[in-house]
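Throughout, read-outs are computed from the coordinates displayed, never taken from laboratory work. Being a predicted model, the structure only gives us computed values, none of them experimental. Cβ coordinates were reconstructed from backbone atoms using ideal geometry, including for glycine residues, and neighbour counts include every protein chain displayed.
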Amino acid sequence: MPIVADKTLDCLGLFCPMPIVKTREALLHMEPGQVLEMTSDDPGSEADMKSWSMRTGNELLEMQRNDAVFHFFVRKAR
């Protein structure tokens, strides 16, 4: 069953650390348990999102890659 995001965030064309900064900002305006889909074409965003999720406790539900574009699905923890 595909994950349905409560909000989407387009970070295409942005490079580290902006996708993480914008993801953090977007989650501030969301309720715990809601899901954010962030898209990024920064090759470093895969490692960045994994480490950021572990550090912050937010759950990286899924990561999809479509050519150069990553789709990250993050569930807000608290």
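In whole angstrom, note down how far apart the Cα centers of segment 1-27 and segment 28-75 are. Between the Cα centres of segment 1-27 and segment 28-75 lies a distance of 6 Å. What does DSSP give for the chain in terms of the percent of beta bridges that are antiparallel, rounded to the nearest 5? Antiparallel: roughly 75 percent of the beta bridges in the chain. With no solvent and one equal point scatterer placed on each C-alpha of the chain, evaluate the Debye formula and give log10 I(q)/I(0) for q = 0.20, 0.25 Å⁻¹, two decimals. Taken in order of the listed q values, log10 I(q)/I(0) reads -0.78, -1.26.
By the helix-only formula, in which each DSSP H run with n ≥ 4 contributes -39500 (n - 2.57) and the sum is divided by residues, the chain has a 222 nm mean residue ellipticity of -9000 deg cm²/dmol.
Spin-label pair LEU60-ALA77: with each label point 7 Å from Cα along the Cα-Cβ axis, the two points sit 1.3 nm from one another.
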